[in-house]
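Accompanying notes for the structure given below.
The numbers here are math on the coordinates, done by the rules we state, and not lab data. The structure displayed is predicted, hence computed values, not measured ones. All Cβ positions, glycine included, derive from the backbone under ideal geometry; neighbour counts span all protein chains shown.
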Amino acid sequence: MCGIFGVITTKSDAPSQVFSGLSDIEYRGYDSWGIASFIGNSFQVVKNIGFLPKKLTLPKANLSIGHTRWATHGGVTVANAHPHLDCTKKLTIVHNGIVENYQDLQKKLKGHTFVSETDTEVIIHLIEERMKTEKSLLRAVAVTFRSLKGLNAIVVSDGKSIVVAKKGSPLVVGKSKDGFLVASDPNALLPYTKELLFLEDETILEMNEGLSTYGVLDLKPFKPSFQTVDWDYSASTLKNYPHFMLKEMYEQPQVLRNVLQNLDGIKDLAKVVKKAYGTYLIGCGTASYACLLGVYLFSAIAKKHVNYSIGSEFDYIEDYLTDKSLLIAVSQSGETIDVIEPVTHAKVKKTTIVALTNTLGSTLYRMADIKLLLQAGPEKAVASTKAYIAMQANILLLSFAVAGRLEEGARIVEKSAKEVESVLKKIPQIKKLANRISAADHMYILGRGLSFPIALESALKIKETSYIHAEGFAGGELKHGALALITTGTPVIVYVPNDETKEAVLANATEVKARGAFVIGVSFQNNSAFDYFFEVKDTGASSVIPHVVFAQLLGYQLSLKRKINPDKPRNLAKSVVVK
Ligand code: G6P
């Protein structure tokens, strides 16, 4: 979703730093962009709709702020793109979030000219108004920020300093040898610095020659605690791959091995799960399917009932949480608002919070009592692949650890890493399949037991990347509706692992075949019900890992065939930080 990048430096390359910073955070998803640079006595703004150009000639300046916008208030127009200016053009703002009371606030402003339909522009005119009575930009921003309802992060400048205030939306500050930077993604700061300050909610700070940090409510100063990270910037670049999605899929065997390096963290968490009175797994999108898989794995392996909910629904069913419950929040970014909100509410009930996240320093990471990192490295393609695989592996290992069989779990995860390597070698075969089915309007995916969440995740991957309508079903639900959708040639993927679901799901394959479906069997062995067979060796419960990699690769190949950029599906964002 919206991305922010701002720089104040003693050098004159702030605008070009902002441009390359915005390019680094493009992956978050956006539909317009803009950069404001302080030149002479006022701000000059370049903005446009669509994606950033490959190259951009920008003026020299010491201070610049930029934004990638994902439209919420007002359509995708140049006027609505950030940065926005006040009436004097001496103040500028970029903003992530939604100001819930912006219409009420706008009514109070008299004599200001508005050029956009955004809530953001209201904020900068409010600050302009406040500057008439407050002594400094910092105070004017603080007072204005307090009047905003909702979760917001703003970066404001008067050309001399940059003032940052946040509640809810993620922001990270970096200290470089030439000045300070602020961004909505820490990875974008790595070319300039590894000294990072992850901002807490309700803080405000001012960056000029120095940096001062305060509480936004009382303007009490506090000492910022910068962390030095050892992250490698090149890990978040394309290297020689055509797309991040492909690169990230190729990294999966290594990601699985990274997860296996962290068995101590999993063992410790298993002890907590055993003691908890009720364990709940929540996540959104792809992460929610990893959570649902957890329900099956905990039942099959640990003989334990855990609960599951998608993050956005959890608030409606969380009345039973107590201080003895355990909430495992699963999120690649650690910023998804529909995870953060229920976690915030669970914290009020003193429920123990576990963050299973890919992002050190993220909001979820900071909120959690127990933190387990996914070990997947930076993920940039909107469609999650390697982070999802890491979620599956961590949750699988956790269920084995709760059962006291962690070594066995580790063995089958290692086996699945090898099998993922052989699935990756079969890309030409998957490409042929994609060519065969790429004109389909609908596609169905069937699985039972452990393979049911895999069917749901596979359908999501295919939808996001190819825009083909794909739906996952539990095999048993077929006769309760889905069978009516099968016509001649409809592609149906059927997951047939070597487990208790084999016979029943093969019966489903036969049923859809009898109605003319083109049956794609993903299995350890061929069957006469399959029109197309994709072999994945049996690795026990961890077979779900290479199975899902098959669907990822199919989605990727379908996107290429249908001339879609797999890294940037239309209308979707990598990190969904507004409701
Ligand atoms: C967005 C992304 C998905 C991701 C979901 C949850 O929809 O496009 O790839 O699965 O958010 O994100 P999270 O960061 O919480 O795992």
Between the alpha carbon centres of region 216-286 and region 345-374 the gap in Å comes to 11
Rounded to the nearest 10 degrees, the helix 427-437 long axis (Cα) sits at an angle to the longest Cα principal axis of the chain of 90
The Cα extents of region 191-321 along the principal axes, largest first and rounded to whole Å, are 59, 47, 29
What is the extension gain from H112 to E477, computed as 0.36 nm multiplied by their sequence separation minus the C-alpha to C-alpha distance, in nm to one decimal?
125.5 nm
³J(HN,Hα) across region 72-78 via Karplus (A = 6.51, B = -1.76, C = 1.60, θ = phi - 60°), whole Hz, x for Gly/Pro?
10, 8, x, x, 7, 9, 4
For the chain, find the longest principal axis of its Cα atoms and tell me its angle to the long axis of helix 337-348, 0 to 90°, nearest 10.
80
Set of region 376-399 residues, backbone N closer than 19 Å to the point 7 Å along the Cα-Cβ line of D232:
376-381, 386-387, 390
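Test of understanding: ordering R570, R515, R139 by Cβ neighbours within 10 Å, fewest first, what list do you get?
Ranked by crowding around the Cβ, least crowded first: R570, R515, R139.
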Tell me the angle of helix 119-130 to the major Cα principal axis of the chain, expressed in degrees between 0 and 90 and rounded to the nearest ten.
20
Residue-averaged 222 nm ellipticity for the chain, from DSSP H runs of 4+ at -39500 (n - 2.57), nearest 500
-10500 deg cm²/dmol
Label-to-label distance, nm, for residues given as A504 and I370 (7 Å Cα→Cβ offset):
3.1
Can you give me the pair-distance distribution of region 364-449, C-alpha pairs, 10 Å bins, whole percents?
13, 29, 36, 17, 5
Return the sequence-ordered ³J(HN,Hα) values of region 312-327 in whole Hz as given by the Karplus equation 6.51 cos²θ - 1.76 cosθ + 1.60 applied to θ = phi - 60°, using x for Gly and Pro.
5, 9, 5, 4, 7, 10, 9, 4, 7, 5, 9, 6, 9, 7, 10, 10
Given a cut-off of 18 Å, name the pairs among K463/K568; K247/K426; K386/K502; K149/K223 whose C-alpha atoms lie farther apart than that in the structure shown.
K386/K502; K149/K223
Please tell me the relative contact order of the chain in percent, rounded to the nearest whole number, where contacts are Cα pairs under 8 Å and at least six residues apart.
11
Kirkwood Rh over alpha-carbon pairs of region 426-565 plugged into Stokes-Einstein at 10 °C, 1.306 mPa s gives a D in µm²/s of 110
Between K579 and E209, what is the label-point separation in nm under the 7 Å Cα-to-beta-carbon projection?
4.5
Any residue on another chain or 5+ positions along whose placed amide H is under 5 Å from the amide H of L446 is listed here as F473, I493, V494, Y495
Pair S136, A300: separation of 7 Å Cα→Cβ label points (nm):
6.0
Tell me whether region 241-422 comes out rounded, prolate or oblate; compute the Cα gyration tensor, take square roots of the eigenvalues as a ≥ b ≥ c, and use a/c under 1.5 as the rounded threshold.
oblate
Return the Rg/Rh value of the chain, two decimal places, where both radii are evaluated on C-alpha atoms and Rh is the Kirkwood radius.
1.00
Among the aspartates and glutamates, which have Cα under 17 Å from the Cα of K194 when same-chain residues fewer than 8 positions away are ignored?
D24, D178, D185, D230, D232
Gain upon complete extension [K274, T88; 0.36 nm per residue less C-alpha separation]:
60.8 nm
Considering amide H positions built from the backbone, and no H for Pro or chain starts, which residues 5 or more places from T490, or on another chain, come under 5 Å of its amide H?
F518
Taking amide H positions as placed in the peptide plane 1.01 Å from N, state which residues far from T352 in sequence (5 or more) or on other chains have amide H under 5 Å from it.
S325, L327
